[in-house]
Amino acid sequence: QGTRDHSPSHVLLRDRLLAAVVACFKRHGAAAIDTPVLELRETLIGRYGEGAKLIYELQDQGGELLALRYDLTVPFARYLAMNKIANMKRYHVAKVYRRDNPATTRGRYREFYQCDFDIAGQFDPMIPDAECVKIVHEILSDLQLGDFLIRVNHRQILNGVFAVCGIPESKFITTCSTVDKLDKVSIVLVRRLLPVLGGGCLGLGSFTAVLIRKRFTTAKLLLFVKGLGSSSMVKNTAWCLQQFLLTIPVRQMRIISEIADCCLTARVVGAWAGGDGTSCSNRCYSLPLQMPWEEGRKVPCVGVSIGIERIFSILEQRVEASGEKVRTTETQVLVATPHKHLIAARLKLISELWDAGIKAEMLYKKDPKLLKQLQYCEDTGIPLAAIVGEQELTDGVVKLRDVATREEVRM
């Protein structure tokens, strides 16, 4: 459960989608890396809060306790730590694994692709963050998915709320996981969960409810953070967002501070018609890498992770609804013969085409009928047929046929 086979048409659609994402990452100067699908269990456990229970753990493998990677962020942190890298802009497109309850109709799987872009290193606050939000906008615009909404917040705002409500730092992560449920369940249920954490969480439940009801503006929440003594961060945040907004049409972008999105710098939620109303959630986060290679030293990192499976589900539904016929190969020409005993001529011609870098096919029969060969071209979308008959061999030419128009030329 929670895995799927992809038909050739699905693979083609997925590759187009991934190509658009990777092209954007490259446009912003990122280099690609790859890491093993396996990690040491101790590398993964304890770094995901409640998510740790969704990690696929494996049996002892020659003295090593291993697990399947849960995301691409912790493997990136390990990569930086093991190679002693302090600055890097990278992207990584690969499968990850979560022992979750699958909901395949909504693009939720146990095995799925993540497309991550991260900037690691010490930089002025919020400048890399603004670029990550811009990347999300570029990708969703390039894919022409329709209208979408980008909601922006800041983790320090939420930490400030926790501090005001008297929640100890040791319970910040657990509280974040609870508040993060606001986009999945009702505020009433979240308020029931918060008191279980003890301490000031009762106050947090009331405070969060007020924020959600009143929909505080960005300006008001930034003032709240400023009151906590973070004026420098607030100034940089406001400036970066202002510069970012100048590059995006107002009708496509709306800024909302969303306290529910507890551990993210930005969250993208898009709802498109034509499907089952599935939301596509792409996350931009700010995360210090918790794997120092020197005592007391950490590498800060900001990045964006694109939920490719949910976007793929939307595109898949759109293609099916349109009835569009997707060509699954790139063959340019079919080598055909109209007579028997000419397989040697076909093999010679197709070999010359392959050597010249031309994408070519031929039917795997000694003496196929010409009509079946031309029908194969129509069924698979091959635009040209290179026909070699007895007369063509005598004259030293090839008859090139346009399958769609049936026009022929000898050359």
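Using a 7 Å offset from the Cα along the Cα-to-Cβ direction at both residue 59 and residue 371, what is the distance between the two label points in nm, to one decimal?
5.9
Once Lys and Arg get +1 and Asp and Glu get -1 on their Cβ, which of 43, 24, 12 lies farthest toward the positive end of the dipole of the range 1-85?
24
How about residue 171: which aspartates and glutamates have a C-alpha closer than 12 Å to its C-alpha, ignoring those fewer than 8 places off in the same chain?
none
Do any GluC sites (Glu not before Pro) in the range 324-356 lie in a loop, going by DSSP, with at most 16 other beta-carbon atoms within 10 Å of their beta carbon, and if so which? Can you show the working numbers first?
Numbers: sites: 324, 330, 352; in loops: 324, 330.
Passing sites in the range 324-356 are 324, 330.
For 110, 16, give the ranking by accessible area with the largest first, probe 1.4 Å.
My answer, sorted largest first, is 16, 110.
Please express the Cα-Cα pair-distance distribution P(r) of the range 333-410 as a list of whole percents, one per 10 Å bin, running from 0 to the bin with the greatest distance.
20, 58, 23, 0
If 331, 3 are ordered by their accessible area, calculated over protein heavy atoms with a 1.4 Å probe, which sequence runs from highest to lowest?
Numbers: 331 15, 3 85 Å².
Largest to smallest exposure gives the sequence 3, 331.
Using 0.36 nm times the number of residues separating residue 324 and residue 22, minus their current alpha carbon distance, what extension gain do you get? List each step's numbers first, then the result.
Details: separation 302, 0.36 × 302 = 108.72 nm, distance 2.49 nm.
Taking 0.36 nm per residue and subtracting the Cα distance, the gain is 106.2 nm.
Residue separation times 0.36 nm, minus the C-alpha to C-alpha distance between residue 1 and residue 408: what's the value?
On the way: separation 407, 0.36 × 407 = 146.52 nm, distance 5.17 nm.
In short, 141.4 nm is gained.
Using a Förster radius of 56 Å, what is the FRET efficiency between residue 123 and residue 364 based on their Cβ-Cβ separation? Nearest 0.05, please.
0.45
What length, rounded to one decimal in nm, is gained on full extension from residue 163 through to residue 332, with 0.36 nm per residue of separation minus their alpha-carbon distance?
Length gained between residue 163 and residue 332: 54.4 nm.
So which chymotrypsin sites (Phe, Trp or Tyr not before Pro) in the range 303-371 end up in coil per DSSP with only 10 or fewer other C-beta atoms within 10 Å?
364
The values are calculated or read from the model by the stated rules, or taken from the named source; none is laboratory data. The shown structure was predicted, so the numbers you read here are calculated from the model rather than taken from an experiment. All Cβ positions, even for glycine, are placed from backbone atoms using ideal geometry, and neighbour counts span all protein chains on display. Side chains included, ligands, DNA and RNA excluded: accessible areas come from the protein's heavy atoms. Shrake-Rupley method; radii C 1.70, N 1.55, O 1.52, S 1.80 Å.
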